[in-house]
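Laboratory data are not the source of any read-out in this text; all were calculated from the coordinates shown. Just so you know, these numbers come straight off a predicted model, no measurement behind them. Glycine also receives a Cβ, built like all others from the backbone with ideal geometry; neighbour counts cover every protein chain displayed.
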Amino acid sequence: MALLTEPSQLTAGDTWSWVKSLSDYPADQGWSLKYSFLNATNKFSITATASGSDHQIQVPATTTAGYTSGLYGWQAYASKGSERYQVGQGNLTVMANLDALTAYDGRSHARKVFEAICAVLENRATKDQEEYNIANRSLKRTPLGELLKLKNHYQALVRNEDNAERMAKGLPARNKILVRFGL
């Protein structure tokens, strides 16, 4: 069953399918619909086919398998002859096809940085110098206070991500304090 609007998330290696109805630009009157997707390193486009007055978007799995995962901005254009009009825009997250990968790190940027800071702090527990010089070479470490500030910042970001994931599953956020009164 095809979606009736542009999806916000799809997986590379899956068949992508949706239908777009444009009453001002019906396919059965010669209007075509094209999507352009772009991010910092990749670009691809999709052209719809006519399905009565609607525009049918159907991209085979063999094509999407070549798409790189990431967040893409997109714009949709209806065109007919020399006329061209933008009819939509948004963002699409292309998810990695885990079946096609040999390794995958699904951690967010915030979680990766938080865990790296924790590892640095753990290693620093046995070192008490912030900087030193040996034979015209020097090493300067990030001050402990700065590392702790960064740790707290990224810990809050990770907590927000975890809470958003819990709420998406219908669970309460972990930062809520539940109180019950009774005898």
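With coordinates expressed along the principal axes, the C-alpha atoms belonging to the chain extend over 75, 70, 32 Å, beginning with the largest. Backbone phi angles across the stretch 113-122, fed through the Karplus curve with coefficients 6.51, -1.76 and 1.60 (θ = phi - 60°), yield HN-Hα couplings of 5, 4, 5, 5, 5, 4, 5, 5, 4, 5 Hz in residue order; Gly and Pro are listed as x. From its DSSP helices (H runs of at least four residues, each -39,500 (n - 2.57)), the chain gives a residue-normalised ellipticity at 222 nm of -8000 deg cm²/dmol.
Quote the FRET efficiency, to the nearest 0.05, computed for Asn152 versus Gln29 with a Förster distance R0 of 41 Å and r equal to the Cβ-Cβ distance. Present the calculation step by step, with values, prior to reporting the outcome.
Working: r = 59 Å, r/R0 = 1.44.
With R0 = 41 Å, the Cβ-Cβ based efficiency is 0.10.
Could you work out the relative contact order of the stretch 9-100? I mean the mean sequence separation of Cα pairs under 8 Å and 6+ apart, divided by the number of residues, in percent. Relative contact order, the stretch 9-100: 36 percent. Our Cα-only numbers for the stretch 9-100 put the radius of gyration and Dmax at 13.7, 43 Å.
Once both labels are positioned 7 Å from their Cα atoms along Cα-to-Cβ, the gap between Ala103 and Leu121 label points is 2.7 nm.
Using a cut-off of under 19 Å, list every residue of the stretch 1-21 whose amide N is near the label point 7 Å from the Cα of Ser79 along the Cα-to-beta-carbon line. Counting backbone N atoms under 19 Å from the label point, the list is 20.
Before anything else, pin down the relative contact order of the chain: Cα pairs under 8 Å, at least 6 apart, normalised by residue count, whole percent.
RCO, the chain: 17 percent.
Were the residues from Ala40 through Ala168 laid out at 0.36 nm apart, the gain over their Cα-Cα distance would be 43.2 nm.
Here are some pairs, Lys43/Lys151; Lys34/Lys169; Lys34/Lys112; Lys20/Lys80; Lys149/Lys169; Lys20/Lys169; which of them have Cα atoms lying more than 26 Å apart in this structure?
With Cα atoms farther than 26 Å apart: Lys43/Lys151; Lys34/Lys169; Lys34/Lys112; Lys149/Lys169; Lys20/Lys169.
Using a simple spin-label model with pseudo-atoms 7 Å out from Cα toward Cβ, Ala135 and Asn160 lie 4.7 nm apart. Against the chain, whose longest principal axis comes from its Cα atoms, helix 144-168 is set at around 40 degrees. Compared with the direct C-alpha span, the chain from Gln86 to Ser51 gains 10.6 nm at full extension, assuming 0.36 nm per residue. Near Ser32, within a Cβ-to-Cβ distance under 11 Å, what is the net charge of the other residues, with Lys and Arg +1 and Asp and Glu -1? With Lys, Arg at +1 and Asp, Glu at -1, the net is +2.
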